[in-house]
1. List the pairs whose first member sits in segment 162-180 and is over 14 Å from Asp95 (Cβ atoms), whose second member is of a type outside the set (S, T, N, Q) and part of a loop (DSSP other than H, G, I, E, B), and whose Cβ atoms are under 6 Å apart, counting only residues at least 6 apart or on separate chains?
2. Just the residues that are at negative phi and not in a strand (DSSP E or B), please, taken from segment 103-118.
3. Counting just the residues of segment 121-132 that are touching a residue at least 60 places away in the same chain (Cβ under 8 Å) and over 12 Å from the mean Cα position of the chain (by Cα), which one comes out surrounded by the fewest Cβ atoms within 10 Å (Cβ to Cβ)?
4. If I filter segment 62-74 for residues that are modelled with pLDDT of 90 or more and surrounded by 13 or more Cβ atoms within 10 Å (Cβ to Cβ), do I get at least one hit?
Amino acid sequence: MSQPFVYTRIFLGSSGSRDEWMLTDAAKILWAVDNCLDNNIKFHTHRLITPSECKRGIILGSNPKSPRLRVPLPHPQITNYISQSSQLKEDFLRDIGDCAKDIRVRENNNDTLFIAFCSHGRERDGAVFIGPGMGMEHNTGMDTETIQDSEVSWITVEDMETALKDVPESTRIIIWLGFSQSGFWSKSKRWMAMNEPESRLEESQSTTHQGLPQFSHAALSRLELIPADDCN
């Protein structure tokens, strides 16, 4: 039997100017996992990451008088940028389906599929937003269905259930949802919702601990401390 394998798929759904926090979430998750040698990683994004942004990375922290950390952005080789929302959705779901088939062929009971959604959630069903930005409707609490934009698509719970239907039952599937409507996903009969695990203090040489991304020594070594004077 082959060694356990980790498949990581990160999805950034919004390219809106008010949604830069989503890119930060995605970058932190990718930074935590992309030094794992047994990790098959892909980053699907509606937001274009320019070469200059990729070189600069993301600076964490809000105090301009304190040193801050620079987190690297995803490498272009693992990035699938598509500006058309419906096409990005199609590509992502196809990729998840391909992962499921690959896992079944491998026949390893300890494989892990980790999926992270960095986006907004639709108020009525928790579907994942894909588009150029939610605009004022989201901030005022209006139902996101009022948004009139032909470039908006949604990934529903049912879409993911279908994409994951070929994954063997023995495979650990972890879905990370970065939005407040994630409770809808716990109603699915295809998986069991679990509370976020408590933080662990023991050291780990791997970027995964029981299937969840961790900050390994290799990942930590890639961080850069930026002096306060250089953060502006």
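The values are calculated or read from the model by the stated rules, or taken from the named source; none is laboratory data. Bear in mind the structure is a predicted one, so any value in this text is a computation, not a measurement. Virtual Cβ from ideal backbone geometry, glycine too; neighbours counted across all protein chains shown.
1. Taking only residues 6 or more apart or on different chains, the pairs are Thr171/Asp111; Arg172/Gly211; Ile174/Gly211; Phe179/His120.
2. The answer is Ile103, Arg104, Val105, Arg106, Asn108, Asn109, Asn110, Asp111.
3. It comes out as Pro132.
4. no
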